[in-house]
Each structure stands twice: as structure tokens, then as C-alpha cells.
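Below: one structure, written as C-alpha cells.
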Amino acid sequence: MNTCIKKIRELSADLLEKGEVEKVIGFAKGTIPMATSPIAIQKKQDVNKLVFNSTCGLNLANYVSKGKGKIAVVTKGCDDRNIVTHIVENQIQRDQIYIIGVPCTGMVDKPKIAALFEDEILEFSEDNDTLTVSSLLKTQTLKKQDYLKGNCFYCTHKNPVLYDVLAADLVEEQKLDNLFPDVDQIETLDEDAKWNHFENLTKNCIRCYACRNACPLCYCPTCFVDESDPQWVGKGQDKTDVNTFHFLRAFHCAGRCTDCGACVEACPMGINVRDFTRKLNKDVLQLFGWEAGLDMIKRPPLDTYRPEDPDDFIK
Amino acid sequence: MILSNKQKGYTMKFITIDKNNWTKGIDKSRETYQLFGPVKDENGCLIKKLDSDVQPDMGYYESVMSAKSVLFPQTEKILSASLDESLEDHHIMKRAENDYSPRAVLGIRPYDAKAIALVKLNFDTKEFQDPYWCDAYDVTVFVGLGITRPGPFDFSTSVGTGPFCEDDLDILLADLDDHYLAKILTPKGDAFAITCGFDTMADEKESQVLFDILRKEAEKNITSRVEINKLKDKTILDLHEADFWDDLAFSCINCGTCTYVCPTCWCFDIQDEARQKQAFRFRNWDTCMSPLFTRHATGHNPRGTKVQRVRQRFMHKLKYFLDKYDQGIMCVGCGRCVKSCPVNIDIREVCNMMNAYEKQN
């Protein structure tokens, strides 16, 4: 992944020079350690602003919208599956978009790294699987594999599924016996403990909606929480209202979520919002054999009816 | 340093507080004061109301959220009415019965108190006084803790505050390992210290010298800064039409993080809710990043695009506020938004860009 940025810049410069795309959407270097920022490059001479590293945890499919011209976008495996989902859901047309696919070796869990330090991190660098992180008080060398984001840890689609060009060689996909051990664990809790788990999960939520706004699936022109006529949900810190937002948003993502983890990456309060969406991902996989964003032709399970669909819930 | 009204006419003094007596004193104050302070949990550190068995975490490094919620909760019940038509006063909104017994907020960063002073410019004017905020302000004692190790995102010294700034504090503490040296700045602070039983006087001259040394040392460690000297002379229209807003706003996802973590953002929304035979009026934090913030009942939205909203936030903080009150910019340099923004929009860069902007003819 360290060398792919050279290729990303070359490809971008070429696309812009030939006028094949209007802009290239990628990541730029941040102003603080472990931060990157989505950027749209429109001029060839600006391609050196592009970076790609293990801190590019947001999902760039979120920045792709219907427009007149063609745009290029740099995608990881998960971003790429969201582009497919966008196409399936008729948000963009395939020929509107030029995909620079990046076989991904995983993004880092920034809060987990920050938690190792008593003071603020001042420098972060990486060399393949080795991370070097320094604060004023100490420098630590870490194995990237031990500090992957939760979703990257369970990822089985590191390689882009749909692309026009690759920025690096494909990587080996990991084979997991169980894709959802974390969900299984919550499922074993009794009713009260489960309730407490989710109550505790959202207790610090400030309703900034960073999770929703970082999510490529949340493109509704007006979200149900912002609807004011009629108003569906209270806007304050009442627990029921806070949880209603989280529950409904999760259900709205059922069969569509690629577990990219942008929601968790964006949350300023460190809430693992994926505890909601992953249960639904597990259900959709078990009930319909479906993982989002792998197929441009098949209709998603919540879009269609088949006579053999499970109906055990009808008593 | 600007003396706040409550600091005027009071001769400050110094006391020392042995850390072995700290908890006992704080617990003693609970009989009179509702306490607020830093509390750490698995998601970071927040300034919260302290339950009777919870001690403030005075050793915290940073808090994700500021102390603004002590006076301005994210959701606050302000009015209530009965919907029971058999009652004479049904449907008549009355002020909700909130608890305005004395409060003390412990261990806040000095710039968070400065932020309260900036918010006060808006909530407590000659013409209008926000009763909820002002009543809470009047009963609150602000106990600050000087910052000896400023973080890399702290740019407080370039925006008129700093790690040992005394503005709007009632007490400023300096952590000296086994004890705190406390500078009592107001009668309110004095009353709180007396309630805690903290009364070991310290030598005034020596203590002030020590405070000065600590302040200078801490200020020296602040490397992050912004330039604000030219903002005042810019015209609003020039800045409004500057060429950098589109690029700046591209990455913004329009969440409310920057405004909610900001100690000086004070915009709110009013909501009415009814439960059975009771009606309530609440005010909630609102955010200029949300399209709903300005959407009219007709459906028209004067600030309908993302770039307009991003521009509004920075223009308000760095230009409109400065022009309106002439008390500096509406930012205390805490760096919370820099750190929490999911897409790394950095107010320091924006501020410098605005300050350096020259209109091209």
C-alpha cells in the first residue's frame, strides 16, 4: 500500500490530462497526525496532494454523487462495494465513474492507538506492517495487524470488486470461520444484559449525526430525523429519541451495509455504531445468503420477494 | 488580562490545598453545591454532573466535550404547561422548575472559562438576558486547573486566552504534585473554598511569582498558533466571496461535531413535546451545519448548500462576532474541533486563510 500512491498519482494525472474525468476524488494529507481528508483534484499539477495510507478510514463513495461529468474515485474494497450499491440503487451510472481500485491491507483503529499514549500523538508513520507512533513522552513501534479497525479485522473483501484500473497488485483475502464473533457474543446475552449493552453503547451520543453523514448509504434527501412535517422523532437527548435514531438508521442499512466502518471512524464520541449494523449484516447473510455490493445485476434481498424467502416469523 | 465583573473590587488571595485533604473538602462541598467535573469512561473524558460517589478526574489530559453544558445543557426543559382542561391554567406555559441551587464546576481548562465569558456576551446583553443561562451562571463557581502540558492542538495564546488565563474563573488551581496552589479570584470562589474547608493561606508574593513561572513555562510549550490581526480590517463581503470556500467545504460531511464540541457555539433550537396531559418546551443545541437550521416553513432554505453552511460557521466565529462585540474572535483555541472533525477541517488553517486573504481585482 506504501507504493500504490505513486500509481494513484500517475493514473490521476493521466486521466485529468486526457480530460477523461472532471476530477479525481481521493484522500489528502491531514493537518494532524493520523488524519486524512477527502479531496477533489481537478488539475493535473495538484495530484501530488493525493495520499493513501492506513489512516484513510472514511468511505469515498460518500463523495460520489449524480453529476453531469465523469469523475474518478479512489476506492478500497469497502468503498468499492458501496459504489456498486450506488449503481444498484440507481444513485450513479456505471459509465459516470472511473474507479481506481486499491487492494487494501486494512485501516488503523485511531482511538485504540491514541489510548496507548497518555499525551497527544505528534507523529505517525508506517512501513508495510510496522507503525511508528510518537508523542512527547514516548515512541512506540506497533504491528499494524494488532491495531486494525474493527471492520478491517473481519474484512473478507479487501480487493475492489469493480474497477477500471488497479493501483496495486491484488492482495490475499482472509478466510474466516466465523465472520461475526462479536455479534454472536452480544446474542448470547440475556434480554436485560442485551438491553443494557445497547443503552450503554449510545449513552454518550450527542446526535451530531457524523455516523449518518459519513455513511454512503445515507443519501436520503431528507433523513427521517430531520423531517419536520410531520416530525417523526424528538430532537433532544431523551434516550428513546436517541435510540430511535440509531435503531432506525441501522434497519435502513439492512442488506446495504458493507461494514466499511466510516460511521465509527467519524463518531467523535467513540461509539461503536457497528454493533447495530453488523447484527443486520449477519441476519441478511444467514437468511438470504447476501453480502452487499458484490453484484451489479442481482437485486438486493430487501428489494425483492422470492417464494423461498424465510417466513418463520409468521406464527 | 481582562477582569470580569465578578472579579472587580475583590482582592485575590492564595491558599494551598493538600491533596490528602482534597477529596474530603470536595465531599464537604456537596452539601451546598451540585458538582460538575471531568469524568473518564471508555469513550473518553467528558465534563459531567458528578454523582455523590464520583470524584472529579483532576489528572485528565483532555475532555472531548467542553464545560458549556453546565450552563447550557444539550437538552433543557424551559417551559411546561398542563393540557388538562379541567384546570384553570391549562395550556398556559410556565417556566419549568429547574434546580438553581449553587453549582461548582471543578478542574476545567482556563480557556473553557474564557469561552463562558464569550458566550455571556450573547446570552446576557443590556437588552436581553437569557433567564435560563443567566440564572445558571449566577449560581455557578468556576474552578479552573492551569494547564502545565498544553497539547499540540492548543492555540489558546494566539486568541486571547492561555493555559493559566484567569478570565471568568472564580478559582485557578495550579497542580504542584502533592498539593494545589489556589488563586482565589472572586468572592464566589472564596465562599466555595470556605465551604470545602480549604483555608491554609499561602504567601501572596511568592505564590504570584510561582504562578507567573508556571504560566510562562506552559505558554512557551504552545507551538500551535493562528494569525487574527488582519481580520478586523477585512470587509465581510470580500471574505464572503473569497475563492477558497468551495475547496474547503468539499470534504465536510455537514455533521454537527465541530459545533457541539465547541465551547463557544451557542445556537439552539426550540421544540415542543407533549406527554399525556403535560406539554413541555425544550431547547436543544442546534448546529449551523444542518440544513434544517435555516429551513423556512415554506420549504425555502437561504443556506441550502453545504458550502454556504461551512462558510457561515467560520464567518460567524472569525468575523461577524469580532465585528459585533469587538472582543476578539469566537474561538478560545482549545483545538477540540480540529481533533474531532471526521474529515480534518482545521479552523487554524481557515483562520489563517481568512486573515491572509486579499481580494484579487
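Table: residues versus (1) among the acidic types (Asp, Glu); (2) in contact (Cβ under 8 Å) with a residue 40 or more places away in the chain; (3) outside any loop (DSSP other than H, G, I, E, B).
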{"site": "B:260", "(1), (2), (3)": "no, yes, yes"}
{"site": "B:269", "(1), (2), (3)": "yes, no, yes"}
{"site": "B:280", "(1), (2), (3)": "no, yes, yes"}
{"site": "B:307", "(1), (2), (3)": "no, yes, yes"}
{"site": "B:311", "(1), (2), (3)": "no, yes, yes"}
{"site": "B:318", "(1), (2), (3)": "no, yes, yes"}
{"site": "B:348", "(1), (2), (3)": "no, yes, yes"}
{"site": "B:361", "(1), (2), (3)": "no, no, no"}
Looking at A:275, A:312, A:229 in this structure, which one is assigned to a helix (DSSP H, G or I), among the acidic types (Asp, Glu) and more than 19 Å from residue A:64 (Cβ to Cβ)?
A:275
Just to verify a result, which residue in segment B:58-68, among those that are of a type outside the set (A, V, I, L, M, F, W, C) and crowded, with 22+ Cβ neighbours inside 10 Å, is nearest to the chain's Cα centre (by Cα)?
B:68
Does residue A:245 satisfy the condition of being among the hydrophobic types (A, V, I, L, M, F, W, C) and over 30 Å from residue B:42 (Cα atoms)?
no
Exactly one of A:202, A:258 is closer than 28 Å to residue A:108 by Cβ and more than 12 Å from every other protein chain (Cβ to nearest Cβ), and that residue is A:258
Suppose the filter is at pLDDT 95 or above and hydroxyl-bearing (Ser, Thr, Tyr); does residue A:222 pass it?
no
Scope segment B:69-100; condition buried (at least 16 other Cβ atoms within 10 Å of the Cβ) and part of a loop (DSSP other than H, G, I, E, B); matching residues
B:71, B:72, B:73, B:74
Which of the residues that make up segment A:14-55 are away from chain B (no Cβ under 14 Å), without any contact (Cβ under 8 Å) to a residue 40 or more places away in the chain and closer than 24 Å to residue A:132 by Cβ?
A:48
Hey, can you tell me all the residues within segment A:270-291 that are out of contact with any Gly (no Cβ under 7 Å at 6 or more places or on another chain) and surrounded by 21 or more Cβ atoms within 10 Å (Cβ to Cβ)?
A:271, A:273, A:276, A:277, A:278, A:281
Say whether the condition of being free of Cβ contacts under 8 Å to residues at least 60 places away in the same chain and of a type in the set (D, E, K, R) is met by at least one residue in segment B:287-305.
yes
Condition first: in contact with a strand residue (DSSP E or B) (Cβ under 6 Å, 6 or more places away or on another chain) and either outside the structural domain of residue B:332 (by TED's automatic domain parsing) or assigned to a helix (DSSP H, G or I) (or both). Now tell me which residues in segment B:240-258 satisfy that.
B:250
Going through (1) in contact with a Lys or Arg (Cβ under 8 Å, 6 or more places away or on another chain); (2) in a strand (DSSP E or B) one by one, residue A:134 fails only at (1)
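Among the residues of segment B:302-361 satisfying the criterion of being in contact with an Asp or Glu (Cβ under 9 Å, 6 or more places away or on another chain) and under 13 Å from residue B:261 (Cβ atoms), which is nearest to the other protein chains (Cβ to nearest Cβ)?
Per the criteria, the residue is B:342.
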Among the residues of segment A:274-295, is any within 14 Å of chain B (Cβ to nearest Cβ) and of a type outside the set (A, V, I, L, M, F, W, C)?
yes
For segment B:30-50, which positions are part of a loop (DSSP other than H, G, I, E, B) and closer than 23 Å to residue A:271 by Cα?
B:42, B:43, B:50
Return the residues of segment B:220-239 that are among the charged types (D, E, K, R), surrounded by fewer than 19 Cβ atoms within 10 Å (Cβ to Cβ), assigned to a loop (DSSP other than H, G, I, E, B) and away from chain A (no Cβ under 14 Å); say none if nothing qualifies.
B:227, B:230
Taking residue A:242 and the conditions (1) within 14 Å of another protein chain (Cβ to nearest Cβ); (2) without any contact (Cβ under 8 Å) to a residue 24 or more places away in the chain; (3) hydrophobic (A, V, I, L, M, F, W, C), which numbered condition does it fall short on, given that it satisfies the others?
(2)
Which one is farthest from the other protein chains (Cβ to nearest Cβ), of the residues in segment B:240-286 that are surrounded by 23 or more Cβ atoms within 10 Å (Cβ to Cβ) and aliphatic (A, V, I, L, M)?
B:261
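Can you confirm whether residue A:203 is more than 19 Å from the chain's Cα centre (by Cα) and in a loop (DSSP other than H, G, I, E, B)?
In short, yes.
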Before we move on, is residue B:327 modelled with pLDDT under 95, within 24 Å of the chain's Cα centre (by Cα) and surrounded by fewer than 23 Cβ atoms within 10 Å (Cβ to Cβ)?
yes
Taking only pairs six or more apart or across chains, which ones have beta-carbon atoms under 8 Å, a first residue in segment B:64-81 that is facing chain A (nearest Cβ under 9 Å), and a second residue that is among the acidic types (Asp, Glu) and surrounded by fewer than 19 Cβ atoms within 10 Å (Cβ to Cβ)?
B:75/A:238
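The values are calculated or read from the model by the stated rules, or taken from the named source; none is laboratory data. Just so you know, these numbers come straight off a predicted model, no measurement behind them. Reconstructed Cβ throughout: ideal geometry from the backbone, glycine too, with neighbour counts over all protein chains shown.
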